[in-house]
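Enquirer: The structure under discussion is supplied below as structure tokens; questions concerning it will follow.
The values are calculated or read from the model by the stated rules, or taken from the named source; none is laboratory data. Please read these numbers as outputs of a predicted model, since none were measured by experiment. Heavy atoms of the whole protein, side chains included, go into the accessibility calculation; ligands, DNA and RNA do not. Shrake-Rupley method; radii C 1.70, N 1.55, O 1.52, S 1.80 Å.
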Amino acid sequence: MTNHLNLLPYLSIDFALLFEKLLLIIVVVTGSLVVAMYTTYAERRIAGFLQDRRGPNRAGPFGILQPLADGLKLFMKEDIIPTSSSKWLFIMGPGLAMLTAVMTGAVIPWGSALKIGEKVVSLQIADINIGILFIFGVVSMGVYGIMIGGWASNNKFSLLAAIRGASQIISYELAMGLSLIALLMLTGSLSMKTIVEQQMQGGWGGFLGWNIIYQPLGFLLFLICAFAECNRTPFDLPEAENELNFGYHQEYSSMKLGFYLFAEYINMFISSTVMATLFFGGYDIPFVNEANLANHWGPNIVALLGTVCLLIKSFLFLFVFIWVRWTIPRFRYDQLMDLGWKKMIPLALANMVITGAIVLWLNK
Amino acid sequence: MGTTEVIFWFLTAVAVFSALMMVFSKNPVHSVLWLILVFFTISGHYLLMNAQFLFIVNLIVYAGAIMVLFLFVIMLMNMEGDSEPRKNQWMTLAGIISGGTLMLVLVAALKDTGTQRQLVQMKEGQIGLIHHLGMVLFKDYVVPFEISSVLFLSAMVGAVIIGKK
């Protein structure tokens, strides 16, 4: 009995906080899954529009039930594990891809804060002071999903695709990091929340504070790297079907394949949100002073409006992702590496030096 | 034991287990994957010591970049467990002796350190935070820092020269 009592003060878990964060995690993960689902629908509709055809329009009004039908189809299909594959790694591959895709949502500030009674609930799962580095860490883990899946399939096309994918992601990670260093020189903080709050301080209701105004080149480089990191056309070399059949997920079927395809769309959504957060003010509502508005309408409505605003910004980027896919043809592998190492990295370095010089000059 | 100490011992157990699995795995790819798990658990320890920057850099550099290169090489060489040549028995013996000596030295060195009693250090101490680390690196130790960057540069130049041959 005494033992039981003694344990309690040590296991000081704040259950209210735990519950709050758990709820937030569930909302964010479900939200990104639903967005990813409907991005597949949007992709097919937009592709249809760009190619002068209709796209999926039969399941439900305007075909909006199509993603559900696709998901059901993937679940119902027979799940095949090739006999010559290494079984556990074969299962682990898509799981890792999905895990790393979902994990990044943890450090993104999805909104300011809700006020429920006395309690202030931040709309961010974890405000760690190394937020951007956390995203880089998770992105560099994302390679393993592709590599392990490709190797475990025991298929030479899969292996080649996996190695291509990994070297592409590593190469573009460098340029991505360098393009962000210039941004970090301006913000002086790695916390995503602080970066958003700094942008909200600018003139015109925050619009003039957006980092895109100060870092246009950095943003462009980051955008290109995001395409490469998500394996999207024009950089979808790992699944170049005319060279590698179906790429690293050639041997996969059923929901394991679904996980791989889905992880790509979640990655797209998350990187769109990261771009909106870092360069386009995050949950800042442009041309509106949030503090004044909160006095009129109450903080909760303004916080939710901010979240809607962030989602609209990231949906615009999702549209850009899809638009580019159906417009620009795929790069050749040597062109990809050429662009990454000989053009992106020098540009990012130049951007870094110029930004550093200007920061130094203005401080004096 | 508090929650953090439970986490500490859990991470320790996983780290030792996966390190052993790394050594005993027949398949080199499995070894690399176990090694990645070791890096994760050690990063967890950094986090418990409130060294957030070290935590994430360990993950990005070791687990994210260096291990990918390991995996690359092993996958391309396509080593099979059976085709690996038998190693010399003397080599095994030498390995055991040198490894054991290193362990002895490490245990002797760590036996009496002050941090022995302090397993976790949550929400205290600034030493591992990025702001403090930057100040120390670029103010107190700026010359060694720059010299080590020259060392990296020479390594890069060397790699380029070897690659061009």
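Enquirer: For a test of understanding, tell me how many lysine pairs in region A:13-363 have Cα atoms under 20 Å apart, given they are 8 or more places apart or on different chains.
Expert: Qualifying lysine pairs in region A:13-363: 12.
Enquirer: Please work out the C-alpha center-to-center distance from region A:100-134 to region A:152-222 and express it in whole Å.
Expert: 18 Å
Enquirer: Turning to a different aspect of this structure: If you take the Cα Rg of region A:256-340 and divide it by 2.2 N^0.38 Å, with N the number of residues, what do you get?
Expert: For region A:256-340, the normalised Cα radius of gyration is 1.49.
Enquirer: Could you tell me how far the Cα centroid of region B:151-165 sits from the Cα centroid of region A:52-84, in Å?
Expert: When both Cα centres are located, 50 Å separates them.
Enquirer: Using only C-alpha positions, report the orientation-averaged shadow area of the convex hull of region A:198-257, nm², one decimal.
Expert: One quarter of the hull surface, i.e. the mean projection, equals 6.6 nm².
Enquirer: Using a 1.4 angstrom probe on the protein heavy atoms only, could you order B:67, B:135 from most to least accessible area?
Expert: My answer, sorted largest first, is B:135, B:67.
Enquirer: Could you give me the ³J(HN,Hα) list for region B:23-29, computed from phi with Karplus coefficients 6.51, -1.76, 1.60 and θ = phi - 60°, whole Hz, x at Gly and Pro?
Expert: Per residue, the Karplus-derived 3J(HN,Hα) values read 6, 8, 5, 6, 8, x, 5 Hz.
Enquirer: Same structure, new question: With a 1.4 Å probe and all protein chains left in place, how much of the accessible area of the protein assembly as shown comes from carbon and sulfur atoms, in whole percent?
Expert: C and S fraction of accessible area: 72 percent.
Enquirer: Give the A-B buried accessible area in Å², both sides summed, 1.4 Å probe, nearest 100.
Expert: 2100 Å²
Enquirer: Highest GNM mean-square fluctuation, chain A, Cα pairs closer than 10 Å: which of A:326, A:297, A:204?
Expert: Answer for the Gaussian network model of chain A: A:297.
Enquirer: Which residue fluctuates the most in chain A, going by a Gaussian network model with Cα springs under 10 Å, if the choices are A:278, A:23, A:160?
Expert: A:23
Enquirer: Hey, what number do you get for chain A at 222 nm if only DSSP H runs of n ≥ 4 count, each worth -39500 (n - 2.57), divided across all residues, to the nearest 500?
Expert: About -22500 deg cm²/dmol.
Enquirer: In the protein assembly as shown, how does Rg compare with the Kirkwood Rh, expressed as the Rg/Rh ratio over alpha carbon atoms?
Expert: Taking Rg over the Kirkwood Rh, I get 0.97.
Enquirer: Would you rank A:52, A:334, A:284, B:140 by solvent-accessible area, highest first, keeping every protein chain in place and using a 1.4 Å probe?
Expert: Listed by decreasing accessible area, they come as A:52, B:140, A:334, A:284.
Enquirer: Taking only protein heavy atoms and a 1.4 Å probe, what accessible area per residue, in Å², does chain A have with all protein chains in place?
Expert: 49 Å²
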